[in-house]
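Read-outs: derived from the displayed coordinates by stated rules, not from any lab. These figures come from a predicted structure and were not determined experimentally. Neighbour counts run over all protein chains shown; Cβ positions are idealised from the backbone, glycine included.
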Amino acid sequence: MTSDISLAFAHPEERAEASADANPRDRISLRDHVVEADIGAFQKERGHKQRLRFNVVVEVRPAPEPLDDDVDRILSYDRITEAIADELGAERLNLLETLAERVAERILAAPQAMRAFVRIEKLDVGPYALGVEIVRARAEVPLRAGDEAVHPLVAVFDNAAIAAPDLAARIDRLLARGLPVIFCVGLPDFPRPVTGHRPTQRRIDLLAIEQNAWSLAARDPRCVVVASRTEIDWAMRRGRSVVWAPSKLVLDAVDGPKTSDPVALALWLAEELAASALVVHGDVALPAGSRVAVERA
């Protein structure tokens, strides 16, 4: 029992050694790598960076030929630090567990990497460190979609389009293109609280947009409201169409939109999803300089 407890709190490199089989692999490691990030599930953690400490060990496949002191023949240490930076830069996360999974997945995408030990600790929660540690092997990591990527349509409905008697026909025309459609809406016509405080007003506006999304869902059963990227990706892979409730993605994004303008929000989502086009319904200005084709319905 004592050795088990000691091993549980040991550095990942010691755990890697203890769990090695009869043919141990080579290892590279990153120790005590400290970065600052906005992460955490509690409201008090949002908008405030805290220190994270990373300890990572990667078991690698032995080189099949002499290295000849050639950096291109090894798994570079930069691969580990870049995996951490890329995942922290991709979106704001609530859980260390999610971050650890994604860092391990990025590392294991390298052909030399066979098993990854990832420990992440929060250093600013008190006079102690809180953290998680995971072990992932190459066989456990699912393949990422490559050529099978889906490029949906993103459609913006203003309030007049939502209330229009031909709403079903408009949806039919979009679905006839044979792509999943992500429907976006703007602020509703009814009054909403005005705080005079930008961060809280932004949240109120985003919640009002979500109320409008549910209004669209009430008009047509094909308009299912979703909030997370996982739900959107699931729907796209199955060719289904959904209505976007923007609060979660917008507030969790590292460099997300700072506006509640419906077209700007929809354009940001379209670019994030590599959409085939952004289709705008209503008398609104079309954005310029988009990486996604924009058209008026």
Value of relative contact order over the stretch 118-255, rounded to a whole percent, pairs C-alpha under 8 Å and six or more apart: 20 percent
Sparse-neighbourhood loop sites, chymotrypsin sites (Phe, Trp or Tyr not before Pro) in the stretch 172-239 - DSSP loop, at most 11 other Cβ within 10 angstrom: none
Proxy reagent accessibility, fewest Cβ within 10 Å first, across Glu87, Glu295, Glu14: Glu295, Glu14, Glu87
